[in-house]
1. Mind listing whichever residues of segment 222-259 are farther than 19 Å from GLY30 by Cβ and small (Gly, Ala, Ser)?
2. Could you check, for segment 226-247, whether at least one of its residues is touching a Phe, Trp or Tyr at 6+ places or on another chain (Cβ under 9 Å), in a helix (DSSP H, G or I) and of a type in the set (Gly, Ala, Ser)?
3. Name the residues in segment 319-348 that are in contact (Cβ under 8 Å) with a residue 40 or more places away in the chain, within 17 Å of SER367 (Cβ to Cβ) and assigned to a loop (DSSP other than H, G, I, E, B), would you?
4. Anything in segment 64-105 that is among the basic types (Lys, Arg) and touching a residue at least 24 places away in the same chain (Cβ under 8 Å)? List them, or say none.
5. It is to be established whether one or more residues within segment 335-350 are buried (at least 17 other Cβ atoms within 10 Å of the Cβ) and of a type in the set (Asp, Glu).
6. Please indicate, with yes or no, whether at least one residue in segment 245-260 is over 30 Å from GLN55 (Cα atoms) and among the basic types (Lys, Arg).
7. Hey, can you tell me all the residues within segment 23-77 that are within 24 Å of ARG110 (Cα to Cα), assigned to a helix (DSSP H, G or I) and among the hydroxyl-bearing types (Ser, Thr, Tyr)?
8. Any residue at all in segment 262-270 that is assigned to a strand (DSSP E or B) and more than 15 Å from SER367 (Cα to Cα)?
Amino acid sequence: MTALDTLSAAAPQPVAVSPAMFETRPSLIGLSREDLATALIEKGVSERQVKMRVQQIWHWLYVRGISDFDDMLNVSRDLRELLRTHFTIARPEVVEEQISNDGTRKWLLRFPPRGAGRPVEVETVYIPEEGRGTLCVSSQVGCTLTCDFCHTGTQRLVRNLTAEEILSQLLLARDRLGDFPDKEVPQGAVVPSEGRKVSNMVMMGMGEPLYNFENVKTALLIATDGDGLSLSRRRVTLSTSGVVPEIYRTGEEIGVMLAISLHAVRDDLRDTLVPINKKFPLKQLMEACRAYPGLSNARRITFEYVMLKGVNDSLADARDLVKLLRGVPAKINLIPFNPWPGSKYECSEWETIEAFADFINQAGYASPIRTPRGRDILAACGQLKSESERMRKTDRLAFEAMMIANHGED
């Protein structure tokens, strides 16, 4: 049976064909300077010129924020044509943009299949506040961790995002918010009144960043490069559920701020809420935190703690949390649980959350209660999810056959 024969039985529904689905040119976005130089030399750029060309391209991509080679005004026409022929710098497709009543924005972005069988989608969220704007970036399509309270955890892992795809979320957000030179802020957008529209970046979207370490590392080193996007490392936070072997590497090789999705102070409860705890229990996790490079009162670890009614919100839990963190420069973010369809948990009562926070504060730890943002568009913490699923091999062949058959149609 051919793939076309399989098509009629396996996937009879019509599929919208996007040009991005057939993009085969590699992107220059997400390449280190060394890899960018190698890519240019392989396509015929003189080794004597390549350092200058890398500097020019880096500036246009990450300072000016261009997404069309024709906008590289100080690059010769011949080189622009060579770049256009062999590479792309296009932004991902925006499938949907939602704007919350509180100004939070959520983008559903589509990327090529790259082994998943069909194009994949992830969510990226922008949270404006007075004095800063925070972008919540995804690192994987789906997640392997199945944390019991997290909506993303109900979506099986489809694939890792590439460095380009991670970085493209930042580039697209800066485009859409008017945060590059010569770009305008959308009318009515809620953004900081001064400074950058995207001043902070958190790896807290879909996926576990430390299970995609190399791509996350490459993307964050470019995002914090002083000659490009130039985000301060102290304004970039990587959140992990506790992949202990990679925590030290994060501090040594990336140097950004660290956040731990803690959510429980006993191994038996954390085994349920955050199942990776069965592999890396609390004792190992806390040892890794204490050894985090650069740890100090000025570079505290943030511990995220979702408040679940009747589960982890007692004063006894608060006391055990203080004991667990003793000796670690830390801040505890208390997160009111954000409900999602099908969840079995409820958010703690507000009085309970305040009493918990008061106890932590009196013990000497900053313990802000995170204001829920974007709940009405499922953009709040723990609510992100896309419909992307990895296709079975037979379905993938059928889908690809239909794509080929439909390519070129209006």
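1. SER232, SER239, SER241, GLY242, GLY251, ALA259
2. no
3. Listed by number, the residues that qualify are LEU325, VAL328, PHE337, SER348.
4. Hits for segment 64-105 are ARG64, ARG91, ARG105.
5. No, segment 335-350 has no match at all.
6. Kept after step one, since they are over 30 Å from GLN55 (Cα atoms), are these residues of segment 245-260: 245-248, 258-260.
From what is left, the residues that are among the basic types (Lys, Arg) are none.
Looking through segment 245-260, none of the residues is over 30 Å from GLN55 (Cα atoms) and among the basic types (Lys, Arg).
7. Scanning segment 23-77 gives a single hit, TYR62.
8. no
Bear in mind these aren't lab numbers, they're just calculated from the coordinates by the rules spelled out. What you are looking at is a predicted structure, and each value in this text was computed from that prediction instead of being measured. When we count neighbours, we look across all protein chains shown, and the Cβ atoms used for this are built from the backbone with ideal geometry, even at glycine.
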